[in-house]
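Everything below concerns the one structure shown next.
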Amino acid sequence: MNGDVFRGSALSVCMVVAALSCLGCRGSGSAESLVPAGAGESPNAWCTWATQNLSLVPGSVRGDGKILFAGDQGAAGARENMGDCAVFSEGGWIDGWDAVRGDLTFLFDDGWDVKPKIDRAKEIYLFGSLELDESKFPSCADKSFAQRLKKLDARVRERGWKGAGLWVAAQCARKNPDEKFTPEREREYWRERILWSKEAGINYWKVDWGERAHSVEFRKMLTELGAELHPGLLIEHSIPNSPVNDLRFDKSKGAFAGSGAFENSDPKLLDRIRALLKVSGYTRVYDTITPLTTPSTISRTAWYLSEGEKAGGKGLINVEDDVYTGAGLGCAYGVMRSPFWGAARSDEVARRRFKSAEVVRAVRWSRIAPAFPLDKSRTVFSEERLEDDWTFSEGQTWWRDAWGRKLAQSAPAVVARNLPLPKVSPEGADAPFVLASRHPDGPVAVSVMPRIKSGRGIFFPPAKIAVDADISGKKVGLFGKFSSISFKMPKKPSRILAQDLASDSPEDVSDECAWSDGTLAIPGSLSDRLCAKTRESGDESMPAIVLLAE
C-alpha cells in the first residue's frame, strides 16, 4: 500500500473509531443500556474486497495517487493488496471497527491463497487451493496448511474479532489446466479442506465465483460435508449474476433495456437460486454497484426471502453492505465499507467511507434481533414499486458498460417480514422505501430508505408510517429518516426509553412521543436528536435508534 495513502487512511480510522468509542463508553445514567454488552450471534462479517480495491498497490505507477473506483487497478491489483502488511501492521485493516469488532468475522477475500502476480486469465486453475500463501503472510508460515490457517485465525482473534473467514473459489485448484477431478476425488478434496478449517478454528467460508459457481449440486455437497465434518462452519453461498437487476444493453439503441426488477431476471438464473435457497444455510444476494445499491438490494432481498420461504428453505440471507436494509428485514451483513478508503469517484455520491456509524448501529441492533431464517418468517411486499436511476460518468464504477449511460433499478415500495405491510403516507411527491420485520422473539425493526435520481442525487422523502404491530414491552429499532412512525400500544406507556444504537446511554423520551387511542407515534426529530453527536464527529450516517415503551 502507498505509504501516504495508508497513513492518511489510518488517521481517518482513528478519528472515526475514537468518536464511535466515545458514544459507546458514556455512562448510561440511571437506566441500563438497551443494547446488550456481549457480541451478537448473527453471522455478520467485514469483507476486505472493497478495501483491497480502494488501496494503491505498492509500486503503483499512478501519478495522481488516487483510485477512481473500486476495481480501478483490476482484481489482480486487489490481490496484491492482500497480506501481512496491509492487514496486521499498526493501523492496518485489522484495527478497524473497534466498537463492534467482536461481533464481526474478519473475512479475507480473493487473494489470500494464491501467489503474487497471478494472471487469472491464464492461471485460473490455481484458484481454490485454501493454502495460505506464505509469501503474502510470512507471519503464518508452516509446513502444515491447517496450522497456517490456525495461526491466521489466532492473529485475528487476538485483535478482538470473532475470527477469520475465508473467501473460497468454487472449484478445486489444480497443478495444471488439464488436470481432472472425478466426483470422488472432488469430494475428498473438499473433505480435507473442511478438516483444515476445523483444526484451525475457521468458522466461515464465502464460496464465490469459480468453475462450479453455478452448480447447486456442488454447493449442496459442500454444505452437507460441512455439516458432517465441521458443524461450526458457516458456508456462505451465492450464484453470481449481473451487478444490476434485469438490464441488458441494446446495441441498436445504445442504451440499457429491461425492467430493473430482479424477479424479471433470466429464468434459468432464478431457478438456480431457488434450488440453492432450498439447501443453503446462508445465501448472499450478490454484488451490486453504487450508488444504485439500495434499490438493487431491496429487489433481490424481497425475492430471495419470498422464494426461499416457498421453497422450504431454512437458511439466512446476507444483504452485503446495505446494512439498514438488512436490519429492517432481519438479514445478516457482509460489510465492505471502511474509513480506510481514500477519495474515489465510485464513492462520491454514496460516501460510504463517511458512514461507519451505520455499520455500528446495524451490528449492535443484531445483538437484540439476530438475523432469522427463512423458516421463521413470512415475507410480503407491495405491488407498488419505486424506481431509482443514475447516469454514470466515465470511470465512476468498475462496470464499464454503465459508463456514460443512465441505469434504472426498481423495487417494491414496502416489504415486511412477519408483519402486515406498513402504511406509508408521503408528505410530498416522492415516497421512501419502507422495510419492516418482527423477529420471532418479538423485537420490531423499521428501515426508511432513501431514494436516488440522476441530477438530484440521494434524497430522503418525508413520510408518516403506520406499523400494525403492538410494541408493548418490546424493543424497537428505527433506521433512517422519517417524519413519524406509529405503532399499536393498547395501554399508555408509563415510560419510554430510547438511545442512539451507537451509544449505551438511554434517555426517558416519554415527553417527545405521542400516545392516543392505542397508538404510539415516534417523531423523526427524536431520532435526529439522539444521533446528533455522531454527525458532529463528521460521520454522515443516517440515524438509527432503539426504543422501549413499557
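The values are calculated or read from the model by the stated rules, or taken from the named source; none is laboratory data. These numbers come from a predicted model, not from an experiment. Counting neighbours? That spans all protein chains shown, and the Cβs are built from the backbone with ideal geometry, glycine included. Each accessible area value is taken on the protein alone, full model and side chains, heavy atoms only, with ligands, DNA and RNA left out. Shrake-Rupley method; radii C 1.70, N 1.55, O 1.52, S 1.80 Å.
Starting from 0 in steps of 10 Å, tell me what percent of the Cα-Cα pairs of the range 107-209 lands in each bin.
Histogramming the range 107-209 at 10 Å steps yields 15, 48, 31, 5, 0 percent.
Calculated FRET efficiency, Phe459 and Lys175, Cβ-Cβ r, R0 41 Å, to nearest 0.05? Don't skip to the answer; put the middle values down first.
Numbers: r = 55 Å, r/R0 = 1.33.
Efficiency for this residue pair is about 0.15.
In angstroms, what radius of gyration and Dmax does the range 67-141 have, counting Cα atoms only?
13.7, 42
Set the bar at 28 Å for Cα to Cα. Now go through Lys136/Lys220; Lys143/Lys175; Lys464/Lys491; Lys115/Lys143; Lys150/Lys278; Lys180/Lys314 and name every pair that lies beyond it.
Details: Lys136/Lys220 32 Å; Lys143/Lys175 18 Å; Lys464/Lys491 22 Å; Lys115/Lys143 16 Å; Lys150/Lys278 32 Å; Lys180/Lys314 34 Å.
Violating the 28 Å Cα-Cα cut-off are Lys136/Lys220; Lys150/Lys278; Lys180/Lys314.
How far is helix 267-279 tilted, in degrees, relative to the longest principal axis of the Cα atoms in the chain, given as a value from 0 to 90 rounded to the nearest 10?
80
Once you compute Rg and the Kirkwood Rh from C-alpha atoms, what is the Rg to Rh ratio for the range 437-550? Show your work: numbers first, answer last.
Working: Rg = 14.4 Å, Rh = 14.6 Å.
Computed over Cα atoms, the ratio is 0.98.
Points 7 angstrom from Cα along the Cβ direction at Glu192 and Glu387: gap in nanometres?
The two pseudo-label positions are separated by 5.4 nm.
As a check on your grasp of the helix formula, calculate [θ] at 222 nm for the chain: sum -39500 (n - 2.57) over DSSP H runs of n ≥ 4, divide by the residue count, round to the nearest 500.
Numbers: 14 runs with 153 residues, N = 550.
Computed mean residue ellipticity for the chain: -8500 deg cm²/dmol.
Once you have a ≥ b ≥ c as the square roots of the Cα gyration tensor eigenvalues for the range 264-331, tell me rounded if a/c is under 1.5, and otherwise prolate or oblate according to whether a/b is larger than b/c. Walk me through the numbers on the way to the answer.
On the way: a/c = 2.09, a/b = 1.33, b/c = 1.57.
Oblate shape, in that a/c is at least 1.5 and b/c is the bigger or equal ratio.
Round to a whole number: what % of the accessible area of the chain belongs to carbon and sulfur, probe 1.4 Å? Show your work: numbers first, answer last.
Values: 10680 of 21140 Å².
Of all accessible area on the chain, carbon and sulfur atoms account for 51 percent.
How many angstrom lie between the Cα centre of the range 100-117 and the Cα centre of the range 135-154?
13
For the chain, what's the relative contact order in percent, using C-alpha pairs closer than 8 Å and at least 6 residues apart? If you can, show how the numbers build up before the last one.
Numbers: 1258 pairs, mean separation 81.7, N = 550.
This gives 15 percent for the chain.
Which order do Trp196, Trp112 take when ranked by solvent-accessible area (1.4 Å probe, heavy atoms of all protein chains), largest first? Before the final figure, lay out the partial values.
On the way: Trp196 30, Trp112 0 Å².
Per-residue accessible area, sorted high to low, gives Trp196, Trp112.
Just to confirm the number: angle between the C-alpha axis of helix 145-158 and the first principal axis of the chain, 0 to 90 degrees, nearest 10?
30
Return the ratio Rg/(2.2 N^0.38 Å) for the range 174-285, where Rg is computed over Cα atoms only.
Working: Rg = 17.4 Å, N = 112, 2.2 N^0.38 = 13.2 Å.
Taking N as the residue count of the range 174-285, the ratio is 1.32.
Report, to the nearest 10°, how far helix 216-229 tilts away from the longest principal axis of the Cα atoms in the chain, using its own Cα long axis and a range of 0 to 90°.
Between helix and principal axis, roughly 90 degrees.
In Å², and per residue, what accessible area does the range 225-383 have when probed at 1.4 Å with the other protein chains present? Intermediate values should be presented prior to the final figure.
Working: 5040 Å² over 159 residues.
Per residue, the range 225-383 has an accessible area of 32 Å².
Give the lysines reachable from Lys492 as a straight Cα distance under 19 Å; neighbours fewer than 8 places away on the same chain don't count.
In chain and number order, the partners are Lys474, Lys475.
Can you give the convex hull volume per residue for the Cα atoms of the range 180-244, as a whole number of Å³? All intermediate terms of the calculation are to be shown ahead of the outcome.
Values: hull volume 5.9 nm³, N = 65.
In the range 180-244, the Cα convex hull volume per residue is 90 Å³.
Could you report the range 68-145's accessible area per residue, 1.4 Å probe, as an integer in Å²?
Value returned for the range 68-145: 35 Å² of accessible area per residue.
Once you have the Cα-Cα distance between Glu394 and Glu512, take 0.36 nm times their residue separation minus that, and quote the gain in nm to one decimal.
Details: separation 118, 0.36 × 118 = 42.48 nm, distance 4.73 nm.
That works out to 37.7 nm of additional length.
If each Cα of the range 393-444 is one equal point scatterer, what is log10 of I(q)/I(0) from the Debye formula at q = 0.16, 0.21, 0.23, 0.25 Å⁻¹?
-0.69, -0.80, -0.86, -0.93
Give me the distance in nm between label points sitting 7 Å out from Cα along the Cα-to-Cβ direction at Ala532 and Asp468, one decimal.
Taking the two extended label points, one gets 3.7 nm.
Over the alpha-carbon set of the chain, work out the extent along each principal axis and list the three values in angstrom, largest first.
73, 56, 52
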